[in-house]
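Worksheet: one structure, shown below.
Each reported figure results from applying straightforward, stated rules to the coordinates on display, with no laboratory input. Nothing here was measured: the structure is a model prediction, and the numbers come from that model. Ideal geometry is used to build each Cβ from the backbone, glycine not excepted, and the neighbour counts take in all protein chains shown.
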Amino acid sequence: MLIGLLVFVTFFQFASSDAVTIDDAQVGSSQKNVTEISSWLREHAGPEKGFILISAASHDSIIFSSGLPMRRFIHEGSGTYYDAAIEYPDHWARYIVVRSYSDDDSTWRLIHSNPGFAKYDLVDHYPFADIYELRAEYLHELNTDAILNPKLPTNKR
C-alpha cells in the first residue's frame, strides 16, 4: 500500500508540470517587488491611527512585508468589517491599497464607483498597486477602533 501511494504521488508530481508554488513565484503576487509599497505603509500608515482597506487575494505580499499587525488591515477575510468598509470606505479606512483600474482587484472593483471613495486622494503610485489616503477634512468621521457591530446606519452618509 505504501509503495502504491508512493508511485501514485510520484506519477502525478511528474505528470503535472504546473506547481502552484513555482507559478506564484514566477507570475503571481509573490514575485512582485512590493518593498516600496510596504515601506510606504510602514512609514506613513504605521504611526497613524486607522485601518488599511486592501484585497488580501491580490496583495497578500504587501500585507506580510509591511510588518504592520494584521489587525490594521480590512480585507475579504474581515467579514462584516470588509462589508462595512466597502459600503462606507470613508468611515472605515484611512488608507486604501488597490490595483487602480483593474477589476482583478476585488476591492477596487467594489469601491471605485462608491461616493465615499471620492473623499480619497491618490498619495502614491507603484507598478503593482496605488495608495489612497482619506482627506484630512473627513478624518473626524473615521472609525479607528474595532467595534462589535461595524455596520453603520444608512443615515450616517
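Here are a few things to note about the model shown:
- Projected-area average for the stretch 33-156 over all orientations - Cα convex hull basis, square nanometres: 7.0 nm²
- Net charge in the neighbourhood of residue 134 (other residues with Cβ under 13 Å of its Cβ; Lys, Arg +1, Asp, Glu -1) is -2.
- Most to least packed among 74-82, 139-147 [average Cβ atoms within 10 Å]: 74-82, 139-147
- In this structure the amide hydrogen of residue 123, modeled in the peptide plane, comes within under 5 Å of the amide hydrogens of 131, 132, 133, none closer than 5 places in sequence on its chain.
- Karplus 3J(HN,Hα) series, Hz, for the stretch 114-122 with 6.51 cos²θ - 1.76 cosθ + 1.60 (x for Gly, Pro): 6, x, x, 5, 5, 8, 10, 10, 6
- Mean Cβ count within 10 Å, highest first, over the residues of peptides 33-41, 5-13: 33-41, 5-13
- Placed amide H near residue 99: partners under 5 Å, 5+ positions off or other chain: 108, 130
- Ranked from largest, the principal axis spans of the Cα set of the stretch 85-148 equal 32, 23, 20 Å.
- Fully extending the segment from residue 147 to residue 70 would add 26.1 nm, taking 0.36 nm per residue of separation and subtracting the current Cα-Cα distance.
- Ranking of 70, 1 by count of other Cβ atoms within 10 Å, fewest first: 1, 70
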